[in-house]
Structure formats: structure tokens, C-alpha cells
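Colleague: First the structure, then my questions, so here it is.
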């Protein structure tokens, strides 16, 4: 189940141009933190109920960063002499301290900093590394190296010491109805369960399990040679009900686990290869130009405005990866670090495209229709006469007016009294929706003669 879940969410990030959102978008919707920020109480309640019933199966099956750690830990355990490398570990101060810090940062509106340790957000940046900016690539690499290093060394150390979602679900997992239980009458004190527990939650000396850290991976059951551990109802004693003692002692099929983990690794490789795309939705490679100095950077239609977008976004990069025109990119600004921002060097925001609103799991970009998008003004175009080739090179152009989808740009004569006067653009800011077509297609280099200035709050026109 974990391997299938991991493969599906990798495909969500790997399949280009947002097509995967229709097939696997639900994988992003059921991630815990995005569901909380989207106020999707059905999903949040369902995940809590599942945790209260079966323990932290979310962490072992649904969370992609958790499954990635298991894959790395699995191969680490194959090293000679490293088969038994874990042990019981205490230390609630760090995990609860980081949870408090995470909540404080979220309350203060510093979401872009807080989500650096959020599991789905971290995995999204890693999976989208090929489409990132230098800053996001560095953060993704550092995150991967830290998570992978901890997983290689101590299994689920990240989950049970750093991850805020793991800490929250760990609180509910303490009261789970079904859980692994140690039968003290059968236990021979070999400590295999504790030394193979990647969550380091089994105290073999006291025959106890810290259920707040247990991720219900069942490794302890498969590695117990005497059948002293079973997954059963809370408070139940004795051998497994409706089974013979021989069936309790039977080891799990570890070969199947190895095969499923390999599937996940193959899917991870395909994600990187699938990110190789051309500019403007794959239609052409666009020559780079300098980024204009905007006072307000525009955010996608459906996000309502800069503040709403910043408060809800978890920086998972799914919209960045899914944007067919490569208009979205991770921000390098400290005020909204790694949150997506719009820029039009590689393409423009086509009025008929609503992909980002369809894939966003956190409600930062609410889902809108094509008709609604055409009437949402996210910004307006600003003409800079000093950069326009009509005036600098004394040539005819009109590229911005020809390609404006909303008819907000018209060409007017530089000198109305001269019949042969060159024509320059005039922007009707009441009609302009801020799509960036004019900015993207302006031939002036290195600085364009027209650019989009974002609006703090979007409005309908």
C-alpha cells in the first residue's frame, strides 16, 4: 500500500502540464497539512479517525516523505553488519518544541518558513527540483540530504523528532484502538524488535511501546521469531484470535516488501526525467529577459489576493510543476520564501487555463472555471515609453495589442497631428486582467516596454 501510494504521488509530480491532476490529484488532497489549511474538515476528521483506529498509518502509507525514508532505510539495513541498528529512544522535548515553533510561525503568517519542515511540502520541493529556481533547488537538495541522511542512519528520526504532522498524529495514535502488543509470556528478550524498529519506539527492557512514535509499519511483527508481538485490539492479551500459534509465528514476506520498495525507486527516477520541458508549454524555447521591478508580484487567479495566497500556501510546488506555460516559479524573497510567484519570461497565463486552481490541495488557489478566470483581474499592464522599440528604434510594432486576449491594449499615434506617426500602446486598466501576454511577447530587450503590476486584492471586471 505504501509503495502504491508513493508511486501515485510521484506520478502526480512527474506527469507534465497538469494532466496528472485529473488522475492523482486526490493524493494531494488527502495530505494532512494541506487539508488543514484548506479547511477540508472531512479529510482532516477522516485522517484523525483512521489514526485513532489503526495508529499512524498515515505516516507509513500516505505521507510521501515518510515512505521515502522507509525506502532509504530499507537499503541502509541491507549493509553488512547493519541489520540490527536501532534502539529505543526518548526525547519528546525536541519534537514538541518544534511543533510549538511551527504553530507560532503559522499564526504569525510566516507560512513560507514554517512549511520548510512540513512533510508534504518538503517532498513536493524534492520531487519538483528540476523545475525550481536556484534558491528552491538548494533548499530541496539540503532537505533531501538531511532527510536521507537521518533515514540512512536512524530510520524515522525525522518523523519522530522534527515533523510537525507526525507529532500531531502521534498524540492521537497514543489512543489507537488497534496497535502492536508485546506478549511478555512469549518474549525471550532477544531485542530484535527494538533493534529493527525504524521508529525507535520499542522499549524492550520494559516490554513497552511508545505509540505516539509508532508508525504501524509492522516490522516488529515480521522480525519477531517467536511470535511475541501482534497487531491487535487495545488491551487484548494472548495469541491472535481465530489463528493458530503457528500462524502467529510465521514471518512476513520480506521479498514482497523489497519488490514494492524498488517500484517506488523506479517511479522516483521517472519523476526527474519527466520534468524536462520547453518554455511556453513546450511549444518553443523563449529567449530570457530581465525581470521587471514590480511593487506587487501577481498571484494566480483564484487565490483572491496576495494575503490569502500567502496564508494558505504550503510551498509544495505542485502548481509550479503543473503550470503548462511555466508562469509560476518558487520565490526567492524572504517574505514569501519558496511560495510560487508569477513571472512572464517563459510564458503567459492563458485565460483558458485553470490547472493551478485544480491541483492546489491547500486552498491557496481556489478552483475556478475558464469563464470566471476571464473576468478576474490579478493585475494590470504598465507601459514604459523609454523601452518601447517604436520610440527607441523608430519601427512599427504593436505586438502587445495584437496578442492581448481581453482587448485592453489599443494602438494610438505618438503624434495625433501627423498622419504617418508611429503607433504606441495605450492600456485600459479597467479591461486588463494581468495575464502577461503583452509582457511575454514584447520584443524589447533586455527590459520589456510593458509589464504586469500585481494587485494586492483581486477583483472582477
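Just so it is clear, none of the values below were taken in a lab; they were calculated from the coordinates. Everything numeric in this text was worked out from a predicted model, so none of it was measured. Quick reminder, even Gly has a Cβ in these numbers, built from the backbone with ideal geometry, and neighbours come from all protein chains shown.
Colleague: Give the calculated FRET efficiency between residue 138 and residue 403 to the nearest 0.05, with a Förster radius of 25 Å applied to their Cβ-Cβ distance.
Modeller: Once rounded, the FRET efficiency stands at 0.10.
Colleague: Between residue 98 and residue 41, how many nm apart are label points set 7 Å from Cα along the C-beta direction?
Modeller: 3.1 nm
Colleague: Could you put 335, 439, 358 in order, starting from the residue whose Cβ has the fewest other Cβ atoms within 10 Å?
Modeller: 335, 358, 439
Colleague: With r defined as the distance between the Cβ atoms of residue 419 and residue 110 and R0 fixed at 60 Å, what FRET efficiency is calculated, to the nearest 0.05?
Modeller: It comes to 0.55.
Colleague: Let me ask something additional. Need the full-extension length gain, residue 311 to residue 395, defined as separation in residues times 0.36 nm minus the C-alpha distance. One decimal, nm.
Modeller: Length gained, residue 311 through residue 395: 25.6 nm.
Colleague: How tilted is helix 64-77 with respect to the longest principal axis of the chain? Cα atoms for both, answer in degrees (0 to 90, nearest 10).
Modeller: Value to nearest ten degrees: 50.
Colleague: Relative to the first principal axis of the alpha-carbon coordinates of the chain, what is the inclination of helix 92-107, with its axis defined by its Cα atoms, in degrees from 0 to 90 and to the nearest 10?
Modeller: 20 degrees
Colleague: Which residues does the label zone of residue 431 cover in the range 388-411, counting backbone N under 11 Å from a point 7 Å along Cα→Cβ?
Modeller: 401-402, 404-411
Colleague: For the chain, what's the relative contact order in percent, using C-alpha pairs closer than 8 Å and at least 6 residues apart?
Modeller: RCO, the chain: 18 percent.
Colleague: Please list, in order, the residues from the range 135-175 whose amide nitrogen is less than 16 Å from a point placed 7 Å along the Cα→Cβ vector of residue 75.
Modeller: Hits in the range 135-175 for residue 75 at 16 Å: 144-155.
Colleague: Between residue 385 and residue 459, what is the FRET efficiency for a Förster distance of 30 Å, r being their Cβ-Cβ separation, to the nearest 0.05?
Modeller: About 0.65, to the nearest 0.05.
Colleague: Computed on alpha carbon atoms, what radius of gyration and Dmax characterise the range 279-460, expressed in Å?
Modeller: 16.6, 56
Colleague: Same structure, new question: Any idea what Rg and Dmax come out to for the chain if you just take the C-alpha atoms, in Å?
Modeller: Taking only Cα atoms of the chain, I get Rg and Dmax of 26.8, 103 Å.
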